[in-house]
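Data first, discussion second: the structure below is written as structure tokens.
The values are calculated or read from the model by the stated rules, or taken from the named source; none is laboratory data. On a predicted model such as this, the values are computed, not experimentally measured, just so you know. Please note: Cβ atoms are built from the backbone with ideal geometry, for glycine as well, and neighbour counts cover all protein chains shown.
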Amino acid sequence: MKIKSKLLSNNISIPSIGFGTYKSGNEKETAIVVKEALNLGYKMIDTASFYKNEVGIGNGIKESKINREDIFLVTKLWNDDHGYENTIEAFNKSINNLKVDYIDLYLVHWPNKLNAETWRAFEYLYENKKVKSIGVCNFKIEHLEELKKTAKIMPMVNQIEIHPFSTKNDIVNYCEYNNIQVVAWGPIARGRVFTNDLMIELSNKYKKSIPQIVLRWHIQRNIIPIPKSSNKDRIKENIDIFDFEISSEDMKRINSLNEGDNISVSTPPVNTIY
Ligand SMILES: NC(=O)c1ccc[n+]([C@@H]2O[C@H](COP(=O)([O-])OP(=O)(O)OC[C@H]3O[C@@H](n4cnc5c(N)ncnc54)[C@H](OP(=O)(O)O)[C@@H]3O)[C@@H](O)[C@H]2O)c1
């Protein structure tokens, strides 16, 4: 399966869909699914130090025998590691665990009162070519506006929870206007889409599975989805979305499932709210 790419604001190419790995299993299981995903055609692997699976991811990358430069590897800085020195230390731990010498995209996992200091370290890592691109996750407009006051380089990516029940139009439009690529976590709402009547109807109409309809909806919104699966057939199914087009009318019908920005498939850990 050939996956198309998009360009970030710094002209670095990013795949238009990625592979999520939150709760990917133990070290061995993680290595197996990562290797499978890469061999099936995924280029982007999304992890985080918080997922405690970076070692398994690194093993899967090595075992896949795919060249490092053909893989777009994403990891994230956890909440306990904010601040300039801590960020550099956490980054070094991540690259050691992953057994790589650079990261394609390093993300701040959640906004934090130390954002400005942390971001200075991100800029250092970027300028010193330790990371090819830098970005954030779960940032609202006010977090990005605040960061703008001190940042030399603005984030190239904002990874946020988006699915048909939470379409996040305001932040998506803000990011598009400011040339920040939006990446959707929880893109199939961890399965909540399966029982929705409209999804069932569209699945029959387009002869595609419900996850395929939803992932295609993200792509047509210019958003990069990163579905997670630990099942080979589902891993394959989730990237088989480039041979059909959802009509603009059906796109609008899916958009109308939106229940608001605060609808979430997960509750963030308490220390992450800022
Ligand atoms: N930045 C952040 O704060 C943040 C937060 C959460 C997640 N993330 C990232 O985003 C990724 C995706 O989000 P997510 O894992 O929360 O949710 P998700 O991708 O919306 O849903 C994953 C769930 O859906 C199932 N699934 C996947 N494909 C399927 C298919 N074709 N048919 C049926 N079931 C399917 C998976 O089960 P099986 O494994 O059994 O297939 C899994 O239980 C994460 O893995 C992680 O990398 C980032």
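Brief remarks on what is shown
- Test: residue in the stretch 199-219 that is of a type in the set (Lys, Arg), within 19 Å of the chain's Cα centre (by Cα), closer than 28 Å to residue 79 by Cα and surrounded by 14 or more Cβ atoms within 10 Å (Cβ to Cβ): no
- Summed over the stretch 55-113, residues that are touching a helix residue (DSSP H, G or I) at 6+ places or on another chain (Cβ under 8 Å), over 26 Å from residue 139 (Cα atoms) and not hydroxyl-bearing (Ser, Thr, Tyr) total 13.
- Helices (runs of 4 or more DSSP H) wholly inside the stretch 44-149 that include at least 3 residues being of a type in the set (A, V, I, L, M, F, W, C), surrounded by 18 or more Cβ atoms within 10 Å (Cβ to Cβ) and modelled with pLDDT of 95 or more: 84-98, 115-127
- Per the listing 49, 24, the residue uniquely under 30 Å from residue 152 (Cα atoms), within 16 Å of the ligand (Cβ to nearest atom) and either of a type outside the set (S, T, N, Q) or under 18 Å from the mean Cα position of the chain (by Cα) (or both) is 49.
- Verdict on residue 254 being β-branched (Val, Ile, Thr) and either surrounded by fewer than 14 Cβ atoms within 10 Å (Cβ to Cβ) or within 9 Å of the ligand (Cβ to nearest atom) (or both): no
- Within the stretch 130-160, the set of residues being more than 16 Å from the ligand (Cβ to nearest atom), basic (Lys, Arg) and within 21 Å of the chain's Cα centre (by Cα) comprises 130, 132.
- Residues that are within 25 Å of residue 105 (Cα to Cα), within 10 Å of the ligand (Cβ to nearest atom) and of a type in the set (Val, Ile, Thr), drawn from the stretch 205-233: 214, 226
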